Amino acid sequence: MLVATLYYPFPAHDAAAALDLADAFARDGAPALAAAGGPILAAFVTNPEPNNFPRLPVREGEVVFVTFQAFADAAAYDRYRAHVVTPWWRGHVLKGAPEVRRLAPTSGSRWQGSF
């Protein structure tokens, strides 16, 4: 199971707030989440450049920090969540609670097996 977590800094258009969040994540979040059993596969911050590929629409005027983690199954994810007590992003102003998306491969997906 792949888990994507989206963090929306406040104000929503503040690229500096997103970069501060990414720095805090590298310093505090990634090590804490890995220690709880949820190593990070990747982390990204919205690119503020104008969209140069209009056939692929993107949301504009909003910055997001997103992380990706992989778990063997839903039970492994639930065990991980039980160990994460204090959010690493405490002290940063977010637009709302982080948005968590649990993703699973379809039968035709190239993503099969473990990472």
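Residue pairs whose Cβ atoms lie under 9 Å apart, sitting 6 or more positions apart in sequence or on different chains, and linking a residue in the range 42-62 that is at positive phi to a partner that is at pLDDT below 85, are 61/12; 61/13. The condition (being among the small types (Gly, Ala, Ser), assigned to a helix (DSSP H, G or I), open to solvent by less than 70 Å² (accessible area, probe 1.4 Å) and over 26 Å from residue 50 (Cα atoms)) is satisfied by just one residue among 82, 75: 75.
Applying the criterion of being in contact with a helix residue (DSSP H, G or I) (Cβ under 8 Å, 6 or more places away or on another chain) and assigned to a strand (DSSP E or B) to the residues of the range 48-72, the residue that is surrounded by the most Cβ atoms within 10 Å (Cβ to Cβ) is 65.
The values are calculated or read from the model by the stated rules, or taken from the named source; none is laboratory data. Bear in mind that the values here come from a model prediction, so they are computed numbers and not experimental data. Every residue, glycine among them, receives a Cβ derived from its backbone with ideal geometry; neighbour counts consider all protein chains shown. The area values use the complete protein model at the heavy-atom level, side chains included, leaving out ligands, DNA and RNA. Shrake-Rupley method; radii C 1.70, N 1.55, O 1.52, S 1.80 Å.
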